[in-house]
Amino acid sequence: MYEMRAEAAADRGELIWHVITKGTSASPLCGVPLELSTASAPQLEGAVERYCSSCMDAFSAALKSS
Ligand SMILES: [Zn+2]
């Protein structure tokens, strides 16, 4: 199972969604260590939301191989 976690890149005004294997705390598929708040997604006023392309690649590869 997978879930999405948002990482706030406040300096760029972006909210980046990573894919995380359920059960791990902060280990996205792209391997970038995240500083995640354990609660809900961070709120960033007027943030542009986008998906982490590395996570998306790894996610689709994982789906195909399962
Ligand atoms: Zn990622």
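Please treat every number below as a calculation from the coordinates, not as lab data. Predicted model, so just to flag it, every value in this text is computed and none were measured. When we count neighbours, we look across all protein chains shown, and the Cβ atoms used for this are built from the backbone with ideal geometry, even at glycine.
Amide H contacts for residue 17 (H built 1.01 Å from N in the peptide plane; partners 5 or more residues away or on another chain; cut-off under 5 Å): 7, 50, 51, 52.
What the phi angles of the stretch 7-22 give under the Karplus curve with 6.51, -1.76 and 1.60, with θ = phi - 60°, is a coupling list of 10, 8, 9, 4, 5, 9, x, 10, 10, 9, 8, 10, 9, 10, 5, 4 Hz, glycine and proline written as x. Here the Karplus curve 6.51 cos²θ - 1.76 cosθ + 1.60, taken at θ = phi - 60°, turns the phi angles of the stretch 53-61 into couplings of 5, 5, 5, 5, 4, 5, 5, 5, 5 Hz, with x standing for Gly and Pro.
What is the sum of charges around residue 15, taking Lys and Arg as +1, Asp and Glu as -1, for the other residues whose C-beta is under 12 Å from the C-beta of residue 15? That sum, taken over residues with Cβ under 12 Å, equals -1.
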